[in-house]
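Enquirer: Please read through the structure below; I'll follow up with questions.
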Amino acid sequence: YAYTTLAMPALLSRDSITISGGYERLHDTDDSLNLAYARGYHETYALEAWKASAVYAVPLVYPDFAIGSLAYFNMIAFDAFFDHREGLDIDETQSSVGGELLFHFIPLQIPLEINAGVRYSRQIREGVNVVEFVVMGIPVASF
């Protein structure tokens with residue numbers, strides 16, 4: 001397993017571009033998967049794969065808003081992404097493009113920022129639209 005990420009400023013000083021890539025080779029299907037799927041996909045049969053991603057992140061607003069001591073909202077952001085993942089040992093290609101609307105907040109005055117929101121992904125080859133609720137980049141419900 002190998003993974004690398006490069007992050008840099010984008011057009012405006014508050015925007016950012018992140019480019020990442022990774023490679024993984026599993027010995028058998030009992031090994032745990034480290035390399036993430038392309039967003040919008042949830043399964044793979046490949047034992048050897050590579051993945052490349054690009055994300056353009058834009059903070060939309062800094063609300064500085066609290067709901068009592070339950071949650072403090074410090075940023076609402078939009079991320080546009082492109083993911084491409086290929087299985088090298090089988091003919092499997094996962095490509096998706098889409099965006100995420102994320103709310104960055106601190107729950108219960110715990111010094112830990114969590115982001116949660118909604119993600120729209122378009123599976124390019126299959127022509128399928130996927131909408132997911134995400135917490136910290138992990139889908140918790142898909143539609």
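Enquirer: For the chain, what % of the accessible area comes from carbon and sulfur atoms, probe 1.4 Å?
Expert: It is 63 percent, rounded to a whole number.
Enquirer: In the set [x] -0.37, -1.11, -1.29; [y] -0.33, -1.10, -1.30; [z] -0.24, -1.03, -1.46, which value of log10 I(q)/I(0) by the Debye sum over Cα atoms at q = 0.09, 0.18, 0.21 Å⁻¹ was calculated from the structure you see?
Expert: So the calculated entry is the one marked [y].
Enquirer: Could I ask something else about it? When the Cα centres of segment 66-143 and segment 24-60 are compared, how far apart do they sit, in Å?
Expert: After rounding, the separation between the Cα centres reads 14 Å.
Enquirer: Of the options SER32, MET75, SER13, report the single residue whose Cα projects farthest towards the positive end of the charge dipole of segment 1-77 (beta-carbon charges: Lys, Arg +1; Asp, Glu -1).
Expert: Checked the options; the winner is SER13.
Enquirer: Can I ask one more? Pick out, from LEU88, TRP50, ILE106, the residue whose Cα sits farthest towards the positive end of the charge dipole of the chain, with +1 on the Cβ of Lys and Arg and -1 on the Cβ of Asp and Glu.
Expert: Of the options given, the answer is ILE106.
Enquirer: Could you give the size of the charge dipole of the chain about its Cα centre, using +1 on the Cβ of each K and R and -1 on the Cβ of each D and E, expressed in debye and rounded to the nearest 20? Could you put the intermediate results ahead of the total?
Expert: Numbers: 8 positive and 18 negative charges, 120 e Å.
Charge dipole of the chain: 580 debye, to the nearest 20.
Enquirer: Further question on the same structure: If you plug each phi of segment 48-56 into the Karplus form 6.51 cos²θ - 1.76 cosθ + 1.60 with θ = phi - 60°, what whole-Hz ³J(HN,Hα) values come out, in order, with x for Gly and Pro?
Expert: With the stated coefficients, segment 48-56 comes to 9, 8, 10, 9, 10, 9, 9, 10, 10 Hz.
Enquirer: From Cα pairs below 8 angstrom and at least 6 apart in sequence, can you work out the relative contact order of the chain, rounded to a whole percent? Before the final figure, lay out each step's value.
Expert: Working: 358 pairs, mean separation 24.4, N = 143.
Rounded, it is 17 percent for the chain.
The values are calculated or read from the model by the stated rules, or taken from the named source; none is laboratory data. Please read all numbers here as calculations on a predicted model, not as lab measurements. Methodologically, a virtual Cβ is constructed for each residue, glycine included, from the backbone with ideal geometry; neighbour enumeration extends over all protein chains shown. Ligands, DNA and RNA are stripped out before the accessible areas are found, and what is left, the full protein with its side chains, is counted by its heavy atoms. Shrake-Rupley method; radii C 1.70, N 1.55, O 1.52, S 1.80 Å.
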